[in-house]
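What follows draws every value from the coordinates through simple rules; no lab data is involved. The structure presented is a predicted model; accordingly, all values stated were derived computationally and were not measured. With ideal geometry, Cβ positions are generated from the backbone for all residues, glycine too; neighbour counts draw on all protein chains shown.
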Amino acid sequence: MDFYGFYTGKIFDAYRYLGAHVTPDGVVFRTFAPSASKISVIGEFNGWEESPMAKVHDGNFWEFVSPDAAPGMMYKYRIYDRAGQFIDHCDPYGYGMELRPNTSSIIRDMDTYRFHDAPWMKKRTDRRSEPLNIYEIHFGSFRKPSAEPDDWYNYEEMVDILIPYLKENGYNYLEIMPLCEYPSDESWGYQGTGFFSPTSRYGTADQLKAFVDTCHQNDIGILLDFVPVHFAVDYYALANYDGTALYEYPHAAVGQSEWGSCNFMHSRGEVRSFLQSAANYWLTEFHMDGLRMDAISRAIYWQGMPERGVNPNAVEFLKYMNRGLKELHPSAILAAEDSTSFPGVTDDVKDGGLGFDYKWDMGWMNDTLDYFRTDPLFRGGCGSKLTFSMAYYYDSNYLLPLSHDEVVHGKATILQKMFGDYEMKFPQARSFYMYMYAHPGKKLNFMGNEIGHFREWDEKREQDWNLLDYPAHQDFHRFMTALNRFYMEHPSFFEKDYEADGFRWLDCHSQERCVYAIERAGKKERIAAVFNFSGIEQKGYKLEIPEAAELRRVFTSELQEYGGTVPETVKSLKPVNGVFEFALEPFSAEYYLIEKAENTSDVL
């Protein structure tokens, strides 16, 4: 290992030196604990008796070689502080851990699995001008073998459960909430204890590799939720690891997050190297296709509060990590969960940016859902909630998220958020989603949204798949599947997501009628999307569309098979004196292919 690079926060492969490594001479254990007075390894291979570790290199690293240790065996580090008191810790760089509430690390041989996804890895891109339709899941509650809270399918079992579902429903990427080991089910993985350990809830490292491998062989990419800002306070993990605040700040004012967890001290080179190595580890060893980085606002600003100022060390860490990851994995996706207006989040680091590929558009999400919560009688005065997103859209490369955070903690599910009674919610949800898919930006939906989930998500229970026994939910699921496939097949909706000529308002001035129209353009195709978000029919709605000789309806939210009233999609409109006239059903949305004026037989 490059020790100077480790201390200065420059390396991305510390996990190849630190941790437990299987060699021909046995297992080599190494840990970094500069303030410890003594460290021993205890484990199954020595009857949980202490095997003293020796100081190596500059005395800040400790090492022990055991010829009796083998993959699958458990171990811990018994770390004595300067006062001679000890705590048994799991390995910060360990490749496996016991199932909670047990806390031992487990020796894993990371060189046994062989991937078969070379064609996928060769063709993989960051999807900038391609469709990116993400299905976000919590791995343990998509489906469950039983009603028991801690009964889960393992990584390999999920291959036959999840992959066919993704393909049938038109998703090309999967985003998984954190899979690094964590002690509390209720934290969903965001309070980690094992940043290099795939959680044992769902199996081993090799089983996770097999899952990723099979996804790739089915043309499905995987994004992993990664938490570079904070970690769990549990005594056996990173907190006060060597008897001092080694990974965290020593002062609670900046050392404790709003969730009660420990904030990483990004000014320390050793911490930067730890986090950079963890990020690279998931991309390299598991062939993950990208990372969604959690709570980036808490790294940009002290405690996530702009009024407390920018945290320059954390910002510099993000820039260096992202630049390094993109050099190592040019086609991997780096997405930031950031709700702030901090500039340059998706700009290249060489141009002064943070170097992310995408930024979650939390403003679009909040404003649009607020609009659809509003009584349609009063939506006429809320039009800015729909139009404001395009006022700032080109500041970043945005991704439109309807994530797990929007369906928990009393917020209601996406379908529930729609105004009105049960029957009234479905047509609004259909028009809402058609607006989302016509809006520029990549797409993300949390599991259950596509079947019209009514119960808020609970990590202890699987999704309410029995909803598909009810006609309204069957129809809605059929609609979402068709919309996903339409999005994937029409370049107008993704080729120019981040180019100014890929979008224009055809009408954003009929706010009192709650009627809007958008044009999306690809290189060879134009689509007009027309929306009636009011609860009444809008007859005689007129719209000018430049260079359009004919409109051919190719998708409508009101198709009978989706629960609407329209028997078939097919409909053509021709302009009269350059103006198209529509009769729009209540709470409806329609997509039209635009036939170009100079040759009506061709589509642009």
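Summary of values
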{"item": "Normalised contact order of segment 162-310, rounded percent, pairs of Cα under 8 Å and 6 or more residues apart", "result": "22 percent"}
{"item": "Computed [θ] at 222 nm, deg cm²/dmol, the chain (DSSP H ≥ 4; -39,500 (n - 2.57); rounded to nearest 500)", "result": "-6500 deg cm²/dmol"}
{"item": "Hz values of 3J(HN,Hα) by residue in segment 452-457 - Karplus curve (6.51, -1.76, 1.60), Gly and Pro given as x", "result": "x, 4, 9, 7, 4, 5"}
{"item": "³J(HN,Hα) computed for each position of segment 213-224 - Karplus, 6.51 cos²θ - 1.76 cosθ + 1.60, integer Hz, glycine/proline x", "result": "4, 5, 4, 5, 5, 10, 6, 10, x, 10, 9, 10"}
{"item": "Amide H within-cut-off set for Y301, under 5 Å, with H built and near neighbours excluded", "result": "N311"}
{"item": "Dipole of the chain, positive end: most advanced residue of L174, Q474, V310 [Cβ charges, Cα centre]", "result": "V310"}
{"item": "Selection from G5, I42, I87 lying farthest towards where the dipole of segment 3-106 points positive, charges on Cβ", "result": "G5"}
{"item": "Total charge dipole magnitude, the chain, about the Cα centre, Cβ charges on Lys, Arg, Asp, Glu only, Debye to nearest 20", "result": "1000 debye"}
{"item": "Debye, to nearest 20: dipole size of segment 33-97, +1 on Lys, Arg Cβ, -1 on Asp, Glu Cβ", "result": "200 debye"}
{"item": "Given K417/K539; K411/K496; K385/K411, the pairs whose alpha carbons are separated by over 24 Å", "result": "K417/K539; K411/K496"}
{"item": "Within-11-Å neighbourhood charge of E156 [Cβ basis; K, R +1; D, E -1]", "result": "-3"}
{"item": "Per-residue HN-Hα couplings for segment 494-503 [Karplus 6.51, -1.76, 1.60; θ = phi - 60°; Hz; x = Gly/Pro]", "result": "8, 4, 10, 3, 10, 10, 4, 8, x, 8"}
{"item": "Relative contact order, percent, segment 202-286 [alpha-carbon distance under 8 Å, six or more residues apart]", "result": "24 percent"}
{"item": "Inter-centroid distance (Cα atoms) of segment 290-314 relative to segment 100-156, Å", "result": "27 Å"}
{"item": "Given charges at Cβ of Lys, Arg, Asp, Glu: the chain dipole, positive-most of Y113, P546, F531", "result": "P546"}
{"item": "Proxy reagent accessibility, fewest Cβ within 10 Å first, across M53, M265", "result": "M265, M53"}
{"item": "Amide proton proximity set for L291, modelled H, under 5 Å, gap of 5+", "result": "L224, I333, L334, A335"}
{"item": "Degrees between helix 422-438 axis and first principal axis of the chain (Cα, 0 to 90, nearest 10)", "result": "80 degrees"}
{"item": "Size of charge dipole - segment 501-596 - debye, nearest 20, with Cβ of Lys, Arg +1 and Asp, Glu -1, no other charges", "result": "260 debye"}
{"item": "Additional length obtainable on full extension of the chain from A252 to K596, 0.36 nm per residue less Cα span", "result": "117.5 nm"}
{"item": "Formal net charge of residues neighbouring Y95 (Cβ-Cβ distance under 12 Å; K, R +1; D, E -1)", "result": "-3"}
{"item": "Mean projected area (nm²) of the alpha-carbon convex hull when segment 501-596 is viewed from all directions", "result": "6.1 nm²"}
{"item": "FRET efficiency estimate (nearest 0.05) - Cβ-Cβ, R16 to D458, R0 35 angstrom", "result": "0.35"}
{"item": "Under 5 Å, built H, 5+ apart or other chain: amide partners of K38", "result": "Y80"}
{"item": "Charge tally in the Cβ shell below 15 Å around G59, where Lys, Arg are +1 and Asp, Glu are -1, G59 excluded", "result": "0"}
{"item": "Over segment 3-106, relative contact order from alpha-carbon pairs under 8 Å, at least 6 apart, %", "result": "25 percent"}
{"item": "Antiparallel %, DSSP beta bridges [both residues in the chain], to 5", "result": "70 percent"}
{"item": "Full-stretch length increase - E316, D348 - with 0.36 nm per residue and alpha-carbon distance subtracted", "result": "10.2 nm"}
